[in-house]
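A short write-up of the structure that comes next.
The values are calculated or read from the model by the stated rules, or taken from the named source; none is laboratory data. Quantities reported herein were computed from a predicted structural model and do not represent experimental measurements. Neighbour counts run over all protein chains shown; Cβ positions are idealised from the backbone, glycine included.
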Amino acid sequence: MKTIELNHPLITHKLSILRSKDTGTKEFRELVSEIGIFLLYEAFKDAKLDDITIETPITEMKTGRLNEDNYAFLPILRAGTGMVDGVLKVLPNAKIGHIGMYRDEETFVPHRYFFKVPKDIVNREVIILDPMLATGGSALDTIAELKSIGVKKIKFLCIIAAPEGLKAVEETHPDVQIYAAHIDDHLNENKYIVPGLGDAGDRIFGTK
């Protein structure tokens, strides 16, 4: 599936603030959460609704309602947790799992150190959350782990993506739809996205 890139003036506006080195921790967190909502909105354009009948103050009507039990969010630690508050404002009853990854600073290879998901996750559509899709290593490992336990429906939401990471995920897991607020230019020699926004985890948690 071809990556869906959000192309909207509000996204460009918010990304311009998010990217700035002068943006503080509080505002950075808020922007990551807000952009997560925009990404979820786009990702749910194909969502299936259950047919229901309700009573308005005026009359009875037939309408549709989302079954939130069909979904689970899986943020990739640490930075992915910054997107959770936003998406939960939209789907507050969705279950949440966690997967922990850290990157070897010499080999740039991701290593998994934590994996905890709802028991019935195989019956849900899983939305992976990670602000940055750089090399694609963490995304590939996360998707492979989910598929190994039987998850069939997976989407990936990120704020900034590099072409190298997109290519890796699209070729290895063509069934996983990726949603990105923006696709940047390239990775530098340290595997950081250019122009990017720096280390999303450090900026979310103020650790640098």
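Side notes on the structure shown:
- Qualifying positions in the stretch 111-132 - under 26 Å from Y192 (Cβ atoms), free of Cβ contacts under 8 Å to residues at least 60 places away in the same chain and either surrounded by fewer than 18 Cβ atoms within 10 Å (Cβ to Cβ) or in contact with a Gly (Cβ under 7 Å, 6 or more places away or on another chain) (or both): H111, R112, Y113, F114, F115, D130
- Of residues in the stretch 143-157 being surrounded by 24 or more Cβ atoms within 10 Å (Cβ to Cβ) and touching a residue at least 40 places away in the same chain (Cβ under 8 Å), the one farthest from R112 (Cα to Cα): L157
- Hey, K191 within 25 Å of L6 (Cβ to Cβ), of a type in the set (K, R), touching a strand residue (DSSP E or B) at 6+ places or on another chain (Cβ under 7 Å) and surrounded by 13 or more Cβ atoms within 10 Å (Cβ to Cβ) or not: no
- All positions within the stretch 56-110 that are of a type in the set (D, E, K, R), modelled with pLDDT under 95, touching a helix residue (DSSP H, G or I) at 6+ places or on another chain (Cβ under 9 Å) and within 30 Å of Y192 (Cβ to Cβ): R78, R103
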